[in-house]
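This report refers to the structure that appears directly beneath it.
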Amino acid sequence: MRRLLIAFICALGATSALSSSALARQNTPQAQPAAVDPLTSLFGGFGEAMTAAPRGQDGRPQAVAIPREVVSYDAKYTPGTVVISTSERRMYYVLGNGQAIRYGVGVGRPGFEWAGTRFIASKREWPDWTPPAQMLKRRPDLPRHMQGGVNNPLGARAMYLSGSLYRIHGSNEPETIGQAVSSGCIRMTNDDVIDLYNRVNVGTRVVVTR
């Protein structure tokens, strides 16, 4: 009889413990499934792997500049020559001794590519911009004239190429550097165009290759 009583008490204790455990599970907040980003499901989580672009004071994404650097350069050009590879979207200022300064540049979009040899005919700091008639015909919405300054599309410096309407100039759209978007001019960041401007003179040879 005593054994039956002990067994009954043990069974009652186990039942009570199970009931308490079940009640505890019911009262414990359950983890909710994480919200699924629709872009993650479409593109395989690319947003987690990518680093956000830096933003300016106005909150807009800012371009990450192509670094200006001294590189090995074995092409046979006289030191001081400017060589622009439009296919590579890079410019080389030849230093000599197998070296050059390499810059990232923006070049002419399809239909506006060109190649040849020119010379720097003139130089301007914070140049005004007067769109040529051909451009105004394509883009009648453009201003007829714009004073130099930070909002001017020619940027901080311009070097005008002989026998053409083309320039090497800065830009107020640094995100276009490394792209083929211009009407034939060669674009640089303002920092880079100032650096180049201080190195070249009127008469400097400019070779553009495709």
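Running Debye on region 69-209 with equal point scatterers at the Cα sites and no solvent, what base-10 log of I(q)/I(0) appears at q = 0.09 Å⁻¹?
-0.25
Residue by residue through region 84-92, which ³J(HN,Hα) values in whole Hz follow from phi under the Karplus form 6.51 cos²θ - 1.76 cosθ + 1.60 (θ = phi - 60°), with glycine and proline marked x?
10, 9, 5, 5, 7, 6, 9, 10, 10
Could you go through region 124-131 in sequence order and give the Karplus-derived ³J(HN,Hα) for each residue, using 6.51 cos²θ - 1.76 cosθ + 1.60 with θ = phi - 60°, rounded to whole Hz, and x for Gly and Pro?
9, 9, 6, x, 5, 10, 10, x
Taking H as built 1.01 Å from N, whose amide H comes closer than 5 Å to the amide H of residue 186, not counting residues under 5 places away?
Answer set, sorted by chain and number: 167, 168, 169.
Of 167, 210, 187, how do they rank once you tally other Cβ atoms within 10 Å and put the fewest first?
On the way: 167 24, 210 13, 187 27.
Least to most surrounded, the residues fall as 210, 167, 187.
Under the rule of at least 5 residues apart or a separate chain, name every residue whose amide H is placed under 5 Å from the amide H of residue 157.
Here 126, 170 satisfy the definition.
Suppose each label sits 7 Å from its Cα in the direction of the beta carbon; what would the residue 139-residue 164 distance come out to in nanometres?
Between residue 139 and residue 164, the simple spin-label model gives 1.8 nm.
Which length gain, in nm to one decimal place, applies between residue 88 and residue 119 when the Cα-Cα distance is subtracted from 0.36 nm times their residue separation? It would help to have the intermediate numbers written out before the result.
Working: separation 31, 0.36 × 31 = 11.16 nm, distance 2.11 nm.
Separation in residues times 0.36 nm, less the Cα-Cα distance, equals 9.1 nm.
Computed from the coordinates by the stated procedures, all read-outs in this text should not be read as laboratory data. No experiment lies behind these values; they were computed from the predicted model shown. As a convention, Cβ positions derive from the backbone with ideal geometry for all residues, glycine included, and neighbour counts pool all protein chains shown.
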